[in-house]
Amino acid sequence: MQGDQLISFLDSRLPGIGYSVNANDLIQFGQDWTRFYTPDPAVVFFPKSTADVQGIVKVAAEIGQVVVPSGGRTGYSAGAVAADKEWVISLAAMREIGDYNPIEQTVKVEAGVITAELQHFAEQHDLFYPVDFASSGSSQIGGNIATNAGGIRVLRYGLTRDYVQSLTVVTGEGEVLHLNNGLIKNAAGPDFRHLMIGSEGILGVITEAEMRLLPQPPNQSVMLLALTDLDAVMQVFAMARKHLTLSSFEFFSHQALQRVTSHRELNQPFTEAHSHYVLMEFDDDETAVMALFEKGMEQDIISDGVLAQSMDQAQQLWQYREGISESIAHLTPYKNDISVRISKVTEFMQKLDDILAKHYPDFEIIWFGHIGDGNLHLNILKPEPLSTEEFKQRCEQVNVHVYGLIEALEGSISAEHGVGMLKKPFLHHSRNQADLALLKAMKKAFDPHNILNRGKVI
């Protein structure tokens, strides 16, 4: 159903719900930050309430029409891509921050609320929403929940899952589920809320959530360290975790630093180049951090360091880490968001670097990640002579090595960006056949007509 026939159908069956068939809107809302698929949705809806979403899903279920829930579309796994005449349900118009409960320190939000808006709301009430990442200015809470987003402070504060008190979800049958009702203790059977968190929209469309907030943390300090080699990363992490109260421990390579300083026209943080860098955020304790720095210098694992002396300088140091994805976006990076146990991080990186250097010497590799939680971001930049399709095919060959190592080390093919379409062929490296069978059964229970984000994850 397309063109005038589609418009006539929507106007008669879903009156009052905003939608667009404008070509620019279809492209904009039909894709995420993945650039390996051509967006081709039939229509983009802009519901303003859970009832609107329910209406769209009920009609879609009736006619067997596939729908794709759409948040801030900042993912890298094609989880929000509509490439086959799907109906996109954008939550962009559902941005209300509602009931605030000062006793329980929770707030109700609609799924389209931007992550940074929730952070700002918390600050206004002298509270703190700790889940943070480079895309917090454009990602939406519904999408964060659907991918169980992590970010830079997982080491201390955990994942999005840890802050979801309750959820409102529309299933593939068009039923509205109110999950957990904000309770802290609820042992009345399995908690479906946790099935929806990280489900990537294949079980239901998240429309509202009640989010837990925290007291403001102590003042934080930020320090950027230059390290002598890859092994030093985990040695410094062990020292830092023992002597400091860490909020973040972020890692990036020299190649990543070069890209971000060039793209953002930043000064080099050190006079000499170093192989690896870590950025630490921790509770103010200058005595302890200087003792750590001196010990690292004595052991020849730390080469240099900069301790921020002001909030402005701290923000400057964070740019070296948070600007990396932006700095390589125009180079069509193939991204692998993976995780292993913290103790296996350097083993994994060294083995993979050796494989890539031997078999793919023309690929530029950009490493960065959240070392404190074992989450690594492997970015392969597209060589100029290769077409996008050729590049994708070669990267999928690389994945045989990447995910083979992941499986051997009992890690995950996706730490925080989800599976989507891009990683679906490789899910068996992280989930066994029994897991996959149960996932499919769960999908059928919540979405019996198979209309929710079909073709993603499983």
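Answer with yes or no whether ASP373 is at pLDDT below 95 and charged (D, E, K, R).
yes
Among the strands (runs of 3 or more DSSP E) confined wholly to the stretch 230-328, which include 3 or more residues that are under 23 Å from the mean Cα position of the chain (by Cα) and not polar (S, T, N, Q)?
246-253, 276-283
Taking the stretch 77-105 as the search range and keeping residues that are buried (at least 19 other Cβ atoms within 10 Å of the Cβ) and either among the aromatic types (Phe, Trp, Tyr) or over 20 Å from VAL44 (Cβ atoms) (or both), which one is modelled with the lowest pLDDT? Across the stretch 77-105, the extreme among qualifying residues is SER77. Taking the stretch 348-371, which residues are touching a helix residue (DSSP H, G or I) at 6+ places or on another chain (Cβ under 9 Å), surrounded by fewer than 20 Cβ atoms within 10 Å (Cβ to Cβ) and part of a helix (DSSP H, G or I)? GLN350, LYS351, ASP353, ILE355, LEU356, HIS359 - these are the residues of the stretch 348-371 that are touching a helix residue (DSSP H, G or I) at 6+ places or on another chain (Cβ under 9 Å), surrounded by fewer than 20 Cβ atoms within 10 Å (Cβ to Cβ) and part of a helix (DSSP H, G or I). Taking only the stretch 269-288 into account, find how many residues are in contact with a strand residue (DSSP E or B) (Cβ under 6 Å, 6 or more places away or on another chain) and under 14 Å from HIS243 (Cβ atoms). Residues meeting the conditions: 3. For the stretch 49-69, the set of residues classified as touching an Asp or Glu at 6+ places or on another chain (Cβ under 9 Å) and assigned to a loop (DSSP other than H, G, I, E, B) consists of SER49, GLN65, VAL66, listed by residue number.
Residue under question is SER135, and the condition is that it be under 16 Å from the mean Cα position of the chain (by Cα), modelled with pLDDT under 95 and hydroxyl-bearing (Ser, Thr, Tyr); does it hold? Here the answer is yes, as SER135 does meet what is asked. Restricting attention to the stretch 416-458, report how many residues are in contact (Cβ under 8 Å) with a residue 40 or more places away in the chain, of a type in the set (Asp, Glu) and part of a helix (DSSP H, G or I). Summing the residues that are in contact (Cβ under 8 Å) with a residue 40 or more places away in the chain, of a type in the set (Asp, Glu) and part of a helix (DSSP H, G or I) in the stretch 416-458 gives 0. Inside the stretch 73-87, can you point out the residues that are hydroxyl-bearing (Ser, Thr, Tyr) and either under 19 Å from VAL164 (Cβ atoms) or free of Cβ contacts under 8 Å to residues at least 60 places away in the same chain (or both)? Within the stretch 73-87, THR74 is the sole residue that qualifies. Restricting VAL21, VAL53 to those that are within 25 Å of PRO448 (Cβ to Cβ), touching a strand residue (DSSP E or B) at 6+ places or on another chain (Cβ under 9 Å), modelled with pLDDT of 95 or more and among the β-branched types (Val, Ile, Thr) reduces the list to VAL53. Among the residues of the stretch 427-434, none qualifies, meaning not one is within 20 Å of the chain's Cα centre (by Cα), modelled with pLDDT of 95 or more, closer than 17 Å to TYR334 by Cβ and among the hydrophobic types (A, V, I, L, M, F, W, C).
Here's the yes/no breakdown for (1) on the phi < 0 side of the Ramachandran plot; (2) more than 25 Å from the chain's Cα centre (by Cα); (3) without any contact (Cβ under 8 Å) to a residue 60 or more places away in the chain:
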| site | (1), (2), (3) |
| --- | --- |
| ALA61 | yes, yes, no |
| GLY64 | no, yes, no |
| GLY71 | yes, no, no |
| ILE89 | yes, no, no |
| ALA93 | yes, no, no |
| GLU96 | yes, no, yes |
| ALA111 | yes, no, no |
| GLN119 | yes, no, yes |
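Within the stretch 395-415, does at least one residue satisfy the condition of being of a type outside the set (Ser, Thr, Tyr) and either closer than 17 Å to SER199 by Cα or in the same structural domain as LEU279 (by TED's automatic domain parsing) (or both)? Within the stretch 395-415, one or more residues are of a type outside the set (Ser, Thr, Tyr) and either closer than 17 Å to SER199 by Cα or in the same structural domain as LEU279 (by TED's automatic domain parsing) (or both). Scanning the stretch 229-246 for residues that are crowded, with 17+ Cβ neighbours inside 10 Å and in contact (Cβ under 8 Å) with a residue 60 or more places away in the chain returns LEU230, ALA232, VAL233, MET234, GLN235, VAL236, PHE237, LEU246.
Within the stretch 291-322, being out of contact with any Leu (no Cβ under 8 Å at 6 or more places or on another chain) and either without any contact (Cβ under 8 Å) to a residue 40 or more places away in the chain or closer than 19 Å to LEU257 by Cβ (or both) holds for GLU294, MET297, GLU298, LEU307, GLN309, SER310, MET311, ASP312, GLN313, ALA314, GLN315, GLU322. Scanning the stretch 107-128 for residues that are buried (at least 20 other Cβ atoms within 10 Å of the Cβ) and either over 21 Å from ARG73 (Cα atoms) or not assigned by TED's automatic domain parsing to the domain that holds VAL164 (or both) gives VAL107, ALA122.
Of all the criteria given as (1) at pLDDT 95 or above; (2) part of a loop (DSSP other than H, G, I, E, B); (3) of a type outside the set (A, V, I, L, M), the one not satisfied by PRO218 is (1).
The values are calculated or read from the model by the stated rules, or taken from the named source; none is laboratory data. Computed from a predicted structure; not experimentally measured. Don't worry about glycine lacking a Cβ; one is built from the backbone with ideal geometry, like all the others, and counts go over all protein chains shown.
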